[in-house]
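Note sheet for the following structure.
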Amino acid sequence: MSTQSYQVIGTRPIRHDGVDKVTGRALYGADIQMAGLLHGAILRSPHAHARIRSINTSKAEALAGVKAVVTAADFPPTGDRIVDLGEGETPLSYIRGNILASGKVLYRGHAVAAVAATSPHIAAEAASLIEVEYEPLPCVLTAPEAMRPGAPLLHEDLKTKEFGQQTDRVSNIAEHFRHSLGDLEKGFAEADIVLEREFHTATVHQGYIEPHNATALWNNDGRLLIWCSTQGAFVVRDTTACILDLPVSQVKVTPMEIGGGFGGKIPVYLEPVAALLSKKTGRPVKIVMSRKEVFEGTGPTPGSFIRIKIGAKRDGRFTAAQADLAYEAGAYPGAMVGAGAMTVFAAYDIPNVTIDGYDVVVNKPSTAAYRAPGATNAAFATETVVDEIAEHLGLDPLDLRLKNAAKEGTRRADGLKYRRIGCVEVLEAMKAHPHYRAPLEGANRGRGVAIGYWFNAGLPSSCTISVNADGSVTLVEGSTDIGGTRTSVAMQAAEVLGIPAGSVHPVVVDTDSVGFTAVTGGSRTTFATGWAAYEAAQDVLRQMKERAAKLWGLEPSAVRFEGGHFRASGHEISFAELAARLAETGGPVVGRATVNPRGVGGSFAGCIVDVEVDPETGKTSILRFTSIQDAGRAIHPSYVEGQMQGGSVQGIGWALNEEYFMGPDGEMRNSSLLDYRMPTALDLPMIDTQIVEVPNPGHPFGVRGVGEANIVPPPAAIANAIYRAVGVRMRRLPMSPPNLMQELWKKS
Amino acid sequence: MQKKMHVTATINGEVQEFLCEPRQSLLECLRDILHLTGTKEGCNDGNCGSCTVLMDGRLVTSCLVLGPEASGAEIVTVEGLARGRELHPLQKAFLEQAALQCGVCTPGFLVAAKALLDREPQPSEQRIRWWLANNLCRCTGYDKIVRAVQQAAAELAATQGGMNRL
Ligand code: FES
Ligand code: FES
């Protein structure tokens, strides 16, 4: 199917929600207004680690305009159990504890209590009147610190899981796992060159521009209604129901337009709190976070400590590789180190590999996914070591990668054997790209390359398509649209139905109105919800063939659908003409589908970057940047390019500037968008893109997810470029002016 | 509770009156009192640009302006860019260039870009980047936003009387 030509796929229609978003009409979560609306505010911990001795809310409650105050004591006593709410198995107590602390606070910014009042200003004032008595405790802020024997413990009952077995060892290491392939010692013994290097990466934030928000109304009929900004309405429904001890059907979540997520809007923070406040007051309650709360109270991505060792023959063939990955989970276990281990050597076919992963809790906000979570940290380490090996062996860095590139059939240390992947194609496209051969002249300038991988997700999606009498269709889906997926999903239905993209009207609906659909995350929406749309459209065609057969007095099997027309010998009717005759042939046609696809196709992305370093200040400027990625099949090329450009620039920010600048007390010292420096338009050149298409055999149109792999290679590519520019190997992120100057001074 | 103040301002060409607390920002007044929720809040401290509006022809971050300061002023928000059913060339260009992903930064970029093209109909790429540097976008990497502004500038130059429509 992948070689055939398409009518809709590969074109660039205007997105369906576009007009609403350029006129200011689109309604985001914070835009909700309703009669009797109260405003919530959250009191957060000023300590990175402390025992809560007491909470006194009486002064807050006495303030005029305050309607309710809640603390963790207001949660129903559900006890603890293991739940899987879309992000793997987690004790309920961790999820609940992160929403409102009880017993201890584990990071500065940890939510402790909440207020509802008649205005946001009164709510904030009231929150500051809540008196909390703390017993401050020593804190640990990095993985190496937290792993040290005798380190202060965040959870006195956290016992290390080692190699899949529960041990009795209490420590900050939630889990230690190992993946092995081949014989590591033998592999290193065969090598002509072995390099071992250590890396540190700082905590960084997803940095979506829209802060978290939630509005809840605990209705008089007992149903809880929620409007919020989320990547997954069903995750919010299930998590909130679980925490508030309600059947899922008693919670209805309406996903509003979402102003960016990048993984950070999968976890639930505000919804259960707004719900408790609504329960106490009988009125709708809206809570919107401030930017400082977003930084201090929501999940950034893990900082990490990584050790990489790679052995190679003189001809460049890798013989063995070893990785130790220690990722900072933040306050609760779950640092995405598993994904780091799956991606650390994902681009290479290496016979002997051992990977050790450590999931370590520290007194920082509980981490959340961030675009290919765990992979960027790992690739920064691996890809700079690979670059160093190329230098030592006098090989072109892309030739070295091509020599070792993973392909169909390559087995990774974590057990997976690749199906058709596009690693070689991406590397070849990089090599053939004019940017790679373009002259780069001038002092302190250098070019670097790197490749990265993200495995992407499948998971369930549901979709219905109803046929309108005017020949258009309405497509109902449950995937919140963060970057144009209404259109990329609608285009797949349009392709099947032989109608223009504009004749499909996609709507994203609440949890009562569509079947279960997993998060917009893991680059899965165009892949999985697109597949659901494909199947629902097939269902429509099947029913429409029956209608055509009825009109013509034939068997449905005699009817074909081709080029937008239903045909049988001597008969022909277009999709639109038949749509106008549904009433007379038996009534409405609604197609439906649910999918839980297995044929997920991972995506490789490479980048080529030219930098110039100012040796006086340590500032690195990006002169030219090219992102190359395997999309499988680009449904809407503009939005594929957009993903590549956006991910690349987030990677550039991660590489050069962004970090949680923590004081020894665990206070983030740069919790504003002035001091947490994300790239601006002025910091960047155009971001060139080249889409590679190695169709995914596991999808009807060959789609692979494209949202994530693009963020993975930039930090490593930039480090490699900096080395070529000024001769220092950067092994710490960010490669900010102070960190780069340190290295330059060491060298001179 | 503070006593409310009476404010009269011209908003998107219409004279509007409203009552606000002295501590309420213009952003809050626009969103919560006048229900003009197209203007977005990303930081509330002047560092993201999503709340950008025009105040007497000058670009301001409305989160840093107090409501009462808008007294007598002329305010233009994203809701005031289209002429009835006809989109502003910048709005059209943003759609055609796919210059938005989540779209939450878009209102601020559109208003800021309009202020630029009002002053300088043919800005260079570097000038566009400089002018838009107070507006953060985390989704697009800015490439398509810059191209959309270039397209709108070209279109305005090509259209007879283009300058008058701005
Ligand atoms: S909300 Fe005003 S600049 Fe960010
Ligand atoms: S499009 Fe999402 S922040 Fe700009």
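All of the numbers you see were taken from the coordinates with simple rules; none came from a lab. Bear in mind that the values here come from a model prediction, so they are computed numbers and not experimental data. Every residue, glycine as well, gets a Cβ built from its backbone with ideal geometry; the counts of neighbours run over all protein chains shown.
Observations on the structure shown:
- Alpha-carbon centroids, the stretch B:79-114 and the stretch A:279-356: separation in whole Å: 37
- Those residues of the stretch A:306-334 whose amide nitrogen sits under 19 Å from the label point placed on residue A:392, 7 Å along Cα→Cβ: A:306-324
- The stretch B:5-80: relative contact order as a whole-number percent, Cα under 8 Å and 6+ apart: 40
- Label point of residue A:411 set 7 angstrom out along Cα-Cβ; within the stretch A:153-192, amide nitrogens under 15 Å from it belong to A:179-184.
- Each Lys and Arg contributes +1 and each Asp and Glu -1, all at the Cβ; summed about the Cα centre of chain A, the dipole is approximately 300 debye.
- The distance separating the Cα centre of the stretch A:213-255 from that of the stretch A:489-555 comes to 27 Å.
- Each label point was placed 7 Å from the Cα along the Cα-to-Cβ direction; for residue A:89 and residue A:682 their separation is 5.3 nm.
- Rounded to the nearest 10 degrees, the inclination of helix B:143-158 to the longest alpha-carbon principal axis of chain B is 80 degrees.
- Normalised by the number of residues in chain A, the mean separation of alpha-carbon contacts (under 8 Å, six or more apart) gives a relative contact order of 15 percent.
- Exposure proxy shown here: for A:310, A:482, the number of other Cβ atoms within 10 Å sets the order, fewest to most, as A:482, A:310.
- Each residue of the stretch A:329-345 is assigned a 3J(HN,Hα), and the resulting list reads 6, x, 5, 10, x, x, 8, 6, 6, x, 5, x, 5, 6, 10, 4, 10 Hz, derived from the Karplus form 6.51 cos²θ - 1.76 cosθ + 1.60 (θ = phi - 60°), x at Gly and Pro.
- Between the stretch A:663-703 and the stretch A:714-748, the Cα center-to-center distance that results, in Å: 20
- Environment charge at residue A:320 (Cβ cut-off 9 Å; Lys +1, Arg +1, Asp -1, Glu -1): -1
- Across chain B, the relative contact order, built from alpha-carbon pairs under 8 Å that are at least six residues apart, equals 22 percent.
- Between residue A:690 and A:627, A:628, A:629, the built amide H atoms are under 5 Å apart, and every one of these is 5 or more places off in sequence or on another chain.
- For the stretch A:13-128, the Kirkwood radius over C-alpha pairs fed into Stokes-Einstein at 10 °C and 1.306 mPa s yields D = 94 µm² per second.
- Neighbours of residue A:357, meaning other residues whose beta-carbon lies under 10 angstrom from its beta-carbon, give a summed charge of -4 when Lys and Arg score +1 and Asp and Glu score -1.
- Rough spin-label spacing in nm, given labels placed 7 Å along Cα→Cβ, for residue A:583 and residue B:133: 6.2
- Here the Karplus curve 6.51 cos²θ - 1.76 cosθ + 1.60, taken at θ = phi - 60°, turns the phi angles of the stretch B:36-42 into couplings of 8, 8, x, 7, 9, 10, x Hz, with x standing for Gly and Pro.
- Computed log10 I(q)/I(0) for the stretch A:189-234 at 0.20, 0.21, 0.23, 0.31 Å⁻¹: -0.86, -0.89, -0.96, -1.15, from the Debye equation with unit scatterers placed on every C-alpha and solvent omitted.
- Cross-link partners of residue B:4 among aspartates and glutamates (Cα-Cα below 15 Å; sequence separation of 8 or more within a chain): B:17, B:21, B:28, B:32, B:69
- Cross-link pairs beyond the 18 Å C-alpha cut-off, checked among A:159/A:309; A:161/A:417; A:265/A:292; A:21/B:114: A:159/A:309; A:161/A:417
- Total formal charge among the other residues, if their Cβ is under 14 angstrom from that of residue A:488, Lys/Arg +1 and Asp/Glu -1: +1
- Alpha-carbon geometry of the protein assembly as shown: the Rg and the Dmax are 27.7, 89 Å, given in that order.
- Calculated P(r) tail over 27 Å for chain B, as whole % of Cα pairs: 24
- Residues of type aspartates and glutamates that residue A:550 reaches as a straight line, Cα spacing below 15 Å, ignoring anything fewer than 8 places off in the same chain: A:572, A:577, A:584
- Table column - 3J(HN,Hα) (Hz), the stretch A:212-223, Karplus curve with 6.51, -1.76, 1.60, x for Gly and Pro: 4, 7, 7, 10, 10, 10, 7, 6, 5, 8, x, 8
- Residues A:531, A:552, A:654, arranged from fewest to most other Cβ atoms within 10 angstrom of their Cβ, appear as A:552, A:531, A:654.
- Normalised by residue number, the volume inside the convex hull of the Cα atoms of the stretch B:89-158 is 70 Å³ per residue.
- Within chain A, longest stretch free of exposed trypsin sites (Lys or Arg not before Pro) [DSSP loop, at most 13 other beta carbons within 10 Å]: A:82-313
- Those aspartates and glutamates that a straight Cα-Cα span of less than 17 Å connects to residue A:67, excepting residues fewer than 8 apart in one chain: A:125
- 5 angstrom amide H check on residue A:104, placed H, neighbours 5+ away: A:52
- In range of the label at residue B:15: residues from the stretch B:61-100 whose backbone nitrogen is under 18 Å from the point 7 Å along Cα→Cβ: B:70-76
- For the pair residue A:190 and residue A:73, a Förster radius of 60 Å applied to the C-beta separation gives a FRET efficiency near 0.45, rounded to the nearest 0.05.
- Electrostatic dipole magnitude of the stretch A:66-180 [Cβ: Lys, Arg +1; Asp, Glu -1; Cα centre; debye, to 20]: 180
- The calculated FRET efficiency for residue B:56 paired with residue B:158, based on their beta-carbon distance and R0 = 30 Å, is about 0.50.
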